[in-house]
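Participant: Below are the structure tokens for one structure; questions will follow.
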Amino acid sequence: MKFYKKSYLPLFLGIACAFGIFLGAKLNFSNGSESLFASNPKKEKLNRLIDYIDYEYVDQVNTDSIVDVTVDGILENLDPHSTYIPQSEYKAVAENMKGDFVGIGVSFYTIRDTISVINTIEGGPSEKSGIVGGDRILYADNIKLFGNNVTNDSLSNFLKGKRNTNVTLTVYRPSEDKTFKTTIKRGDVPLKSVDAFYMLTDELGYIKMNRFAESTYTEFKQALTTLQQQGATELAIDLRGNPGGYIGQTTKIIDEFLEDDKLILFTKNKKGKVENTYATRSGNFEDGGIYVLIDETSASASEIIAGAIQDNDRGLIIGRRSYGKGLVQREMALGDGSAVRLTIARYYTPTGRSIQKPYENGNDAYFSDYLNRYKNGELISQDSITVADSLKFRTPKGKIVYGGGGIIPDIFIPKDTSYESESIRFLLRSGFMNRFVFNLLEKNRDFYTSLSFNEFVEKELITNATAQEFINYTANQGYRLQVKNHLPDLKRYLKATMAQQLYGSNAFEKLVNEDDAFIKKVIKISTEDASRFLD
């Protein structure tokens, strides 16, 4: 922190030690809540030290920041996934995992100091009120929202508010060259965890999830039901890039696929207490074929799904070895609006595998594991994956599976690690493409919005010239993009980004997946009969 001075180091270390003793004493879950937070000399000692600093220390010191740094330091020395959530960040973190927030429901850029609507969020208040992509929001309740002194944070604060409160917006619509007012009642705006669901073939459905939040099972169930009504007898579950989330949501999803009383997972705490989670009678897809798509960024709850499907011989895991997070966290409030997520147990797949990768060498080594996989060739060859015979397990049908760090897929898909491919994926995630495409749409928005999705797919809207225009755009932003061997990929991603702004995330995934190696493999296996892989 910038306010630290070298002379403060002994002070901070002393506080860290005192706070570590205090926290270690308090987090004894064998005691009830009364004894956990009862007064004791260690707590009083820490409080007195902070009071001395507040009132007696020669210089002004932000003791709140000292405590924040101390908590972070303590948790960092426990394991890589015990984390501290400061009060300033807690609301945003909670909203993300809750699955919705209260507001008007728009995605926007600030273009030339004015709020420019990218699109409305499906199911949100703005969509219902008729706001469309390209609209400029000028005022909210007569409060000016344009100008160089207005930040994105303050804009969000003006648009968000309490549930069922009204906000009157003054909107300029460039496509019609008109300004109008509309009153929107703030309401729940969904933060979807199911990015897309659609049919890949007449029998094969597809669902992509980006995390496991409070609303994920409900979203998943609705998607599954819709696909079944459309004829799905097999299902591809895309968990690539999914970092996990709530285990309770995960087990409900797995329950849809497993027969009654099949083991989903079990957890074990430091005292050796084991808690088993079994499938119930509520499953509605227990006979259909299952394919789970994972990669090196699929973690935690994603790995629980992959492990349960693999260990019960229920389906095929396709992709690359998953991240390797087998620790269970519980969120605990610290009383001032902040919280910790503390690791309280390990989870195990039905065969007894722990898929947690080692973290004894510290957090830096732990989080650089991707680089190690890149260097040892594991991302392009399954033969480069290191496994230990001591961590060998067998499924009920005799298939060999391994613990010790991630789920190893049944069918391997290599990663394109070329510089060009990595560059394009970086630009897709960084926002470069979104802003470029928004500006492209603004040139003739009436034309683009007049197209049905099928018409949009058929037309060559992204030409070589458009791709070159994007390359020039990135160069002006200081990024030199080389795509000599990946021009079709660049054009596909640009068109997918355009589809997202016009039609939503479902359209985006459809176009991105058109030439995707994972999707091609799933369709091929499904067409040829996957049952032979499960013998």
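Read-outs throughout are calculated quantities, based only on the coordinates presented, and are distinct from any laboratory measurement. A quick note: this is a predicted structure, and the numbers were derived from the prediction, not measured. Note that each Cβ is placed from the backbone with ideal geometry, even for glycine, and that neighbours are counted across all protein chains shown.
Participant: What is the gain in length, in nm to one decimal, between ASN164 and TYR278 on full extension, counting 0.36 nm per residue of separation less the C-alpha to C-alpha distance?
Facilitator: Stretched fully, the ASN164-TYR278 segment lengthens by 37.0 nm.
Participant: How big is the equivalent ellipsoid of the chain along its three axes, where each semi-axis is √(5λ) from the Cα gyration tensor, reported in whole Å from largest to smallest?
Facilitator: 39, 36, 23
Participant: Moving on to the next point. Using mean Cβ contacts within 10 Å as the protection proxy, how do 474-486, 373-385, 335-347, 309-321 order, highest first?
Facilitator: In descending order of packing, they fall as 309-321, 335-347, 373-385, 474-486.
Participant: Rounded to the nearest 0.05, what FRET efficiency do GLU176 and GLU203 give with R0 = 41 Å and r taken as the Cβ-Cβ distance? Could you check? Working shown, then result.
Facilitator: Numbers: r = 45 Å, r/R0 = 1.09.
The value I calculate is 0.35.
Participant: When TYR57, TYR291, TYR348, TYR419 are ordered from fewest to most other Cβ atoms inside 10 Å of their Cβ, what list results?
Facilitator: Fewest-to-most ranking of TYR57, TYR291, TYR348, TYR419: TYR419, TYR57, TYR348, TYR291.
Participant: Along its three principal axes, how long is region 96-247 when you only count alpha carbons? Whole Å, largest extent first please.
Facilitator: 53, 34, 28
Participant: Based on C-alpha coordinates, I'd like the Rg and Dmax of region 419-503, in Å.
Facilitator: That works out to 12.5, 37 Å for Rg and Dmax.
Participant: Could I ask something else about it? If you stretched the chain out fully between ASN464 and ASN444, how much longer would it get, using 0.36 nm times the residue separation minus the C-alpha to C-alpha distance?
Facilitator: So the extension gain works out to 5.3 nm.
Participant: Okay, moving on. If you place +1 on the Cβ of every Lys and Arg, -1 on the Cβ of every Asp and Glu, and leave all else neutral, what size is the dipole of region 47-190 about its Cα centre, to the nearest 20 Debye?
Facilitator: On the way: 15 positive and 21 negative charges, 249 e Å.
Taking the Cα centre of region 47-190 as origin, the dipole is about 1200 debye.
Participant: What do you get for GluC sites (Glu not before Pro) in region 452-535 restricted to DSSP loop and a cutoff of at most 15 other Cβ within 10 Å of the site's Cβ? Working shown, then result.
Facilitator: Working: sites: GLU455, GLU458, GLU460, GLU469, GLU509, GLU514, GLU528; in loops: GLU460.
Answer by residue number: GLU460.
Participant: Then there's this: Below 19 Å, Cα to Cα, which lysines can LYS262 reach? Residues fewer than 8 away in the same chain don't count.
Facilitator: Within the straight-line cut-off, LYS262 pairs with LYS252, LYS397, LYS399.
Participant: Once the Cα gyration tensor of region 100-190 is diagonalised, what are the square roots of 5 times its eigenvalues, in whole Å and ordered largest first, as equivalent ellipsoid semi-axes? Before the final figure, lay out the partial values.
Facilitator: Numbers: eigenvalues 67, 44, 30 Å².
That gives 18, 15, 12 Å for the three semi-axes.
Participant: Still on this model: Per-residue counts of other Cβ atoms within 10 Å, averaged by peptide: what ranking do you get for 77-89, 322-334, highest first?
Facilitator: Ranking the peptides 77-89, 322-334 by packing returns 322-334, 77-89.
Participant: Also, quick follow-up: Across all directions of projection, what mean area in square nanometres is found for the Cα convex hull of region 154-241?
Facilitator: 9.2
Participant: If neighbour count is taken as other Cβ atoms inside 10 Å, put ILE66, ILE104, ILE53 in order from fewest to most. Before the final figure, lay out each step's value.
Facilitator: Working: ILE66 21, ILE104 25, ILE53 16.
By the 10 Å Cβ count, ascending: ILE53, ILE66, ILE104.
Participant: Further, regarding this structure: Which of LYS128/LYS495; LYS192/LYS221; LYS185/LYS221; LYS459/LYS510; LYS491/LYS521; LYS45/LYS91 have a Cα-Cα distance over 20 Å?
Facilitator: LYS128/LYS495; LYS185/LYS221; LYS491/LYS521; LYS45/LYS91
Participant: Relative contact order of the chain, please, whole-number percent, based on alpha carbon pairs below 8 angstrom and at least 6 residues apart.
Facilitator: Contact order relative to length: 11 percent.
Participant: Give me the dipole magnitude in Debye, nearest 20, for the chain about the Cα centre, with unit charges on the beta carbon: positive for Lys and Arg, negative for Asp and Glu.
Facilitator: 840
Participant: Hey, what's the Cα Rg ratio for region 275-362 versus the globular rule of thumb, 2.2 N^0.38 Å?
Facilitator: Against the compact-globule rule of thumb, the ratio is 1.30.
Participant: Give LYS98/LYS415; LYS484/LYS520; LYS415/LYS524 a once-over and call out the pairs whose C-alpha atoms are over 22 Å from each other. Numbers along the way, then the final one.
Facilitator: On the way: LYS98/LYS415 33 Å; LYS484/LYS520 24 Å; LYS415/LYS524 19 Å.
Violating the 22 Å Cα-Cα cut-off are LYS98/LYS415; LYS484/LYS520.
Participant: Now for a different question. Within region 266-383, what is the number of lysine pairs with alpha carbons under 27 Å apart, leaving out pairs fewer than eight places apart on the same chain?
Facilitator: 11
Participant: Then there's this: List, in order, the whole-Hz ³J(HN,Hα) value for each residue of region 268-282 obtained from phi through the Karplus relation with A = 6.51, B = -1.76, C = 1.60 and θ = phi - 60°; use x for Gly and Pro.
Facilitator: For region 268-282, the Karplus-derived couplings read 9, 9, 5, 8, x, 5, 10, 10, 9, 10, 10, 6, 10, 7, 8 Hz, x marking Gly and Pro.
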